[in-house]
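Novice: Input: one structure, supplied below.
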Amino acid sequence: MNIRLVRTAFASALVVMAFGYVPTLAQVTSQRIARADSEPESWLTYSGNYQSQRYSPLNQINRQNVGQLRPFWMYQIRRAGVFETSPIVADGVMYLTEPPSTVTALDVRTGRPLWTWTPTIPDDVIIIGSPPVNRGVAILDDMVFAGSVAGHLTALDAKSGAVRWDVTVEDNKHAYYLTLAPLALDGKIIVGVSGAEAGIRGFVDAYDPKTGRRLWRTFTVPAPGEPGSDTWKGDSWKTGGGSTWLTGSFDPALNTLYWMTGNPGPDWNGDDRLGDNLYTCSVLALNPADGKLKWHFQFTPHDTHDWDSNQIPVLFDAPINGRARKLLAVANRNAFYYLIDRETGEFISATAYAKQTWNDGFTAKGRPIVKPGLDPTLEGVTVFPNIQGASNWYSPSYSPQTKLFYQFTREMSTTYYKGAAKFKVGEAFTGGGGRAINGDDAYAAVRALESMTGKLKWEFKLLSPGMDGLLSTAGGLVFGGADEGNFFALDAENGKLLWDLQLGGSIRANPMSFGVDDKQYVAIAAGWTLYVFGVP
């Protein structure tokens, strides 16, 4: 593990010379993040709070005045690319990422750049399975943390952007890379890795925020002799996949970290990896002190359709049959909405929220009853949902106000094909592929699900199946975007369209909200621009 420590004074002096002042020094403790709902003007972690609800308690922008919403400032990124950032806002500064792995700090009032940092990305960087993207940063104390597509995790001085330390999480020559926003806990920075399409062995890591020293690593694919190793045939565990490429959730009261895992490798040919292939396509409940597994739940055993479970797990509490329960909800890529007891891992329910043709129900413990004959073949087998899934990486939202779970949903099928799967380090290891059907009536919709049942309350249809996140607010609104570039606000109770603006570039990001000087704003990345909206 290669760690590089760098002094900050020179970079800080550059900020003073360029802008004539030193920005406010952020001091974001883990206690502040845990109490995020008490300072709604900030947005201190990727999903807004540790529960990953992507809900803003701000209500200044509401049903009555959202029609007056207009852009207040815009920031254009330096390099073209897929712009999937979800900004952090703390102490008057917005921190965001630009493709592929640049970090920028902006004056939250004006959008004026305060500093920017771009890592060295080798020309021969290996990225298999996704575009070269980055979804955001974490902030803890006076540092900002970001992963890179070169497989590094870097700590930056929040005041100046100078590098405090830089660590190689894993060698990119073996196709490991990072696209997620790290998660900051008390004394730990948690990250996961991408690369299952190249036959990596996935893991979740924890690092010391002050030094970059790795504190623990938990593999998502067990080695021989470890629990779950009997779910892999032969040596297939060595290339088992199980990427961890999306930010997890955390329950401070239970002191439990929840992290989702991706597909097994190879994706579409399971012949040489017979078994359930634990712990792929699962949610892991981990002890943040040492990374030990408390419990797991597998959504799609022996997946052969690339329905990895890298979706955001949302945490909330609610009574079931008169008993208070601590719940974890997931709108899974496999088209089912799951409720799980996050204390014990007990399966509570699963309800289809999109069209699916692969499942005949569930056992009492939540194991899917799979229809026979739907594994990929040389001739091709058509199945709902498609390769990208009914959901994907983009964030859902849960509103404590409406008790609804909002999910951007894709309705689309894929014809899945099986192919040869020969492993070679740093190359694609997928064992097949898929194609869309000409004439398939594919579309997307924002769907509001009853959080306790998964039943549809309302939907707002969109023209094409894009990949866009959602934000709900105390103002009774749900904000979302479309691949065609429309940014819109819906009534959170009934899905009625209240406001819509064409931004001129595809939206592939999650909205967020913040406040400054007693005014609420909403931000979204579209095309190559970050837009910040408010009501005059």
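Novice: Could you bin all the Cα-Cα distances of segment 106-156 into 5 Å bins starting at 0 and give me the percent of pairs in each, rounded to whole numbers?
Specialist: P(r) over segment 106-156, rounded to whole percents: 4, 15, 23, 23, 17, 10, 7, 1.
Novice: In the P(r) worked out for the chain, what percent of Cα pairs fall beyond 43 Å?
Specialist: Looking at the chain, the distances longer than 43 Å represent 11 percent of pairs.
Novice: To the nearest 20 debye, what charge dipole does segment 199-243 have about its Cα centre, counting +1 at the Cβ of each Lys and Arg and -1 at the Cβ of each Asp and Glu?
Specialist: For this selection, approximately 200 debye.
Novice: Shifting gears a bit: Charges on Cβ only, +1 for Lys and Arg, -1 for Asp and Glu, centred on the Cα centroid of segment 3-534; of ILE126, ALA444, GLN64, which one is farthest towards the dipole's positive end?
Specialist: The one lying farthest along the dipole's positive direction is GLN64.
Novice: Still on this structure, I have one more. Set the Förster radius R0 to 56 Å, insert the Cβ-Cβ distance between ALA364 and ASP141 as r into 1/(1 + (r/R0)^6), and round the FRET efficiency to 0.05.
Specialist: Once rounded, the FRET efficiency stands at 0.75.
Novice: What Kirkwood hydrodynamic radius, in Å, does segment 367-418 give when the mean of 1/r is taken over all pairs of distinct Cα atoms and then inverted?
Specialist: Hydrodynamic radius (Kirkwood, Cα pairs) of segment 367-418 is 13.3 Å.
Novice: Which whole-number percent is the relative contact order of segment 3-534 (Cα, under 8 Å, 6+ apart)?
Specialist: Answer for segment 3-534 is 15 percent.
Novice: Quick one: PHE316, PHE384, fewest Cβ neighbours within 10 Å first, how do they rank?
Specialist: Least crowded to most crowded, the residues run PHE384, PHE316.
Novice: Highest first, please rank the peptides 76-88, 417-429 by the mean number of other Cβ atoms sitting within 10 Å of their residues.
Specialist: 76-88, 417-429
Novice: Report ³J(HN,Hα) in whole Hz for each residue of segment 367-376, in order, from the Karplus equation J = 6.51 cos²θ - 1.76 cosθ + 1.60 where θ = phi - 60°; Gly and Pro get x.
Specialist: Going residue by residue, I get 7, x, 9, 7, 5, x, x, 10, 5, x Hz, with x marking Gly and Pro.
Novice: Let me ask you something else. If you place +1 on the Cβ of every Lys and Arg and -1 on the Cβ of every Asp and Glu, how big does the dipole about the Cα centre of the chain come out, in debye to the nearest 20?
Specialist: With only Lys, Arg, Asp and Glu charged at Cβ, the dipole is about 460 debye.
Novice: Counting only residues 5 or more places away or on other chains, whose amide H sits under 5 Å from the amide H of SER309 once H atoms are built in the peptide plane?
Specialist: Here the answer is THR261, GLY262, ASN263, CYS281, SER282, since their amide H atoms fall under 5 Å of that of SER309.
Novice: So which lysines can LYS365 reach, going by Cα to Cα under 28 Å and dropping same-chain residues fewer than 8 places off?
Specialist: The qualifying lysines are LYS233, LYS292, LYS294, LYS326, LYS355, LYS403, LYS455, LYS457.
Novice: Can I ask one more? Which lysines, on any chain, are close to LYS159 with Cα under 21 Å apart, when same-chain ones fewer than 8 places away are left out?
Specialist: Those lysines meeting the cut-off are LYS188, LYS210.
Novice: What aspartates and glutamates does LYS422 reach when the alpha-carbon gap must be under 17 Å and sequence neighbours fewer than 8 apart in one chain are set aside?
Specialist: GLU197, ASP235, ASP267, ASP271, ASP272
Novice: Based on the inverse mean of 1/r over its pairs of different Cα atoms, what is the Kirkwood hydrodynamic radius of segment 151-241, in Å?
Specialist: Here the Kirkwood hydrodynamic radius works out to 14.4 Å.
Novice: Using the Cα centre as the reference, give the magnitude of the dipole from point charges on the C-beta atoms of segment 209-310 (Lys, Arg: +1; Asp, Glu: -1; all else neutral), rounded to the nearest 20 debye.
Specialist: 660
Novice: ³J(HN,Hα) across segment 159-172 via Karplus (A = 6.51, B = -1.76, C = 1.60, θ = phi - 60°), whole Hz, x for Gly/Pro?
Specialist: Coupling constants for segment 159-172: 7, 10, x, 5, 6, 8, 7, 9, 10, 7, 5, 7, 5, 5 Hz.
Novice: Average the reciprocal distances over every distinct pair of alpha-carbons in segment 34-87, invert the result, and give the Kirkwood radius in Å.
Specialist: About 13.8 Å for segment 34-87.
Novice: Work out the FRET efficiency for ARG112 and THR357 from their Cβ-Cβ distance, taking R0 = 56 Å, and round it to the nearest 0.05.
Specialist: That pair, ARG112 with THR357, gives E of 0.60.
Novice: Same structure, new question: Just from the alpha-carbon atoms, what are the Rg and Dmax of segment 384-462 in angstroms?
Specialist: 16.9, 51
Novice: Using a simple spin-label model with points 7 Å from Cα along the Cα→Cβ vector, what separation in nm is obtained for ASN494 and GLN68?
Specialist: So the two model labels end up 2.3 nm from each other.
Novice: A follow-up question, please. Using θ = phi - 60° and the Karplus relation 6.51 cos²θ - 1.76 cosθ + 1.60, list the HN-Hα couplings for segment 391-407 in order, rounded to whole Hz, with x at every Gly or Pro.
Specialist: Couplings: 9, 8, 6, 5, 7, x, 9, 10, 9, x, 6, 9, 6, 10, 10, 9, 9 Hz.
Novice: Now for a separate question. Specify which residue in the list SER309, ALA474, PHE429 is farthest towards the positive end of the charge dipole of the chain, using unit charges on the beta carbon of Lys, Arg (+1) and Asp, Glu (-1), about the Cα centre.
Specialist: Looking along the dipole axis, the top candidate is ALA474.
Novice: Follow-up question, since we're still on this one. Over its Cα atoms, what ratio of radius of gyration to 2.2 N^0.38 Å does segment 47-130 give?
Specialist: 1.36
None of the figures in this text is laboratory data; all of them are computed from the coordinates on show. For clarity, every value in this text was computed on a predicted model and none was experimentally measured. All Cβ positions, glycine included, derive from the backbone under ideal geometry; neighbour counts span all protein chains shown.
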